[in-house]
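The values are calculated or read from the model by the stated rules, or taken from the named source; none is laboratory data. Every value quoted in this text rests on a predicted model; they were computed, and no experiment measured them. As a convention, Cβ positions derive from the backbone with ideal geometry for all residues, glycine included, and neighbour counts pool all protein chains shown.
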Amino acid sequence: MLEVRITEEMKTRAKDKARKLQGAYGDHGTHRIDSTRRRMTGFAAEEAIKQAYPILTPSLDVSVDFRLGKYTFDVKSQGCNKPPQGNYSATLYEEQRLRAATYYIFCRTKNDLSTVWICGAISKHRFFDLALLKEKGTSAGNFIYDNTRYELSYDQLTDVNVVLDALLKRRKKNG
């Protein structure tokens, strides 16, 4: 897991993107009641990815966040108040199956936007093979799922550098 401190400049870029996309797309794609905070959680994570993995190119296609050649990456982040643990869950809502991403990068963003923890990556195919489906209304202790989603523990993710190295080797091999 990689910890990235978010600078004021990174926050400003994230706020600018949130404002721009809110105007263009409204609240589509966020499940959090406070959609502005949810967007900032995601856009701060994207800023952390840009800093940590400059080999990834920001995508011009709004359905995915980054590209590496023909591979696409969607960044998924959840808000939190403390560093994540390996048994925490990487979560995708069911409509994510329809997205064009070939890989996901999962993060946790501290609620004050000071820090992003990059927890790992996984191919879309592998994620949906391994993840558990939690139907809306399912009870888990004190928690009741408000939307149907897929969950996979962070300890089943791969370090982002390992994924990127493998993709680069594959690209070189295939020309």
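Checking Asp146 against (1) at pLDDT below 90; (2) closer than 29 Å to Lys11 by Cβ; (3) in contact with a strand residue (DSSP E or B) (Cβ under 7 Å, 6 or more places away or on another chain), which test does it fail?
Unmet for Asp146, out of (1) at pLDDT below 90; (2) closer than 29 Å to Lys11 by Cβ; (3) in contact with a strand residue (DSSP E or B) (Cβ under 7 Å, 6 or more places away or on another chain): (3).
Going through the stretch 53-79 one residue at a time, which ones are within 23 Å of Thr12 (Cβ to Cβ) and surrounded by fewer than 17 Cβ atoms within 10 Å (Cβ to Cβ)?
Selection gives Pro54, Thr57, Pro58, Ser59, Leu60, Val62.
Only residues that are out of contact with any Pro (no Cβ under 9 Å at 6 or more places or on another chain) and of a type in the set (Lys, Arg): list them for the stretch 56-85, please.
Hits for the stretch 56-85 are Lys70, Lys76, Lys82.
Return the only residue of Arg99, Arg108 being of a type in the set (Lys, Arg) and either within 22 Å of Gly69 (Cβ to Cβ) or surrounded by fewer than 19 Cβ atoms within 10 Å (Cβ to Cβ) (or both).
Checking each option against the conditions leaves just Arg99.
So is Glu47 of a type in the set (D, E, K, R) and surrounded by 15 or more Cβ atoms within 10 Å (Cβ to Cβ) or not?
Taking the combined requirement at face value, the residue satisfies it.
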